[in-house]
Amino acid sequence: MTKASAAATTSPTIMASSCSESTCGENPAKCGEDGKNWNTCIAQTEVFKPGQEDQNKGANCCMNKMTCLALKTSITCITVWTEYDSLQDLTVVTASAKNTKCCKPVTAWNKCPAPETKWWFRNG
C-alpha cells in the first residue's frame, strides 16, 4: 500500500516488520506507531512497548518504564564480558541495578594454549 492509498483506506493489520503506520495506513483498533492510538500509558510509570504497533489497544501497548527493554538504550554492559540479555526484557529493575540485571555473561572464547606448551617453542 502506498502513502496515497493509505489515506483512502486503512490497513486491517499493520505488519511492523514490513511497513510502518505512515506507509500502510492506520488501524484505530491497534496500538499504533509509538502507541499514538492508545495514549493512556501512565506517564510516571509506563512507556510504549516497542513492537506492539499491530496489537489491539489496551494493556498490550504499554510496559513499566523501569524494565530492561524500556531502559535498553541507557544500559551499559561490560564490553567483551557481558551483553544485553533479551530474556530479561520485562524484568523490572532499579536505575542502579540495570547494568547488572539486564546483562548476561558473554560465552567464553576458547583460550589459546600457553606458548611454552607448543612444540615449536621448546624445539625452536
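The values are calculated or read from the model by the stated rules, or taken from the named source; none is laboratory data. Since this is a predicted model, take the numbers as computed values, not measurements. Cβ coordinates were reconstructed from backbone atoms using ideal geometry, including for glycine residues, and neighbour counts include every protein chain displayed. What goes into the accessible areas is simple: the full protein's heavy atoms, side chains included, and nothing from ligands, DNA or RNA. Shrake-Rupley method; radii C 1.70, N 1.55, O 1.52, S 1.80 Å.
Remarks
- Under 5 Å between amide hydrogens, built in the peptide plane, is the criterion, and for GLU83 it picks out LYS104, VAL106 among residues at least 5 positions away or on other chains.
- Ranked by the mean number of other Cβ atoms within 10 Å per residue, highest first, peptides 49-57, 70-78, 97-105 order as 49-57, 97-105, 70-78.
- Highest-first packing order for the peptide set 63-69, 40-46 is 63-69, 40-46, based on the mean count of other beta carbon atoms within 10 Å.
- Among TRP81, TRP38, the order of accessible area from largest down is TRP81, TRP38, computed with a 1.4 Å probe on protein heavy atoms.
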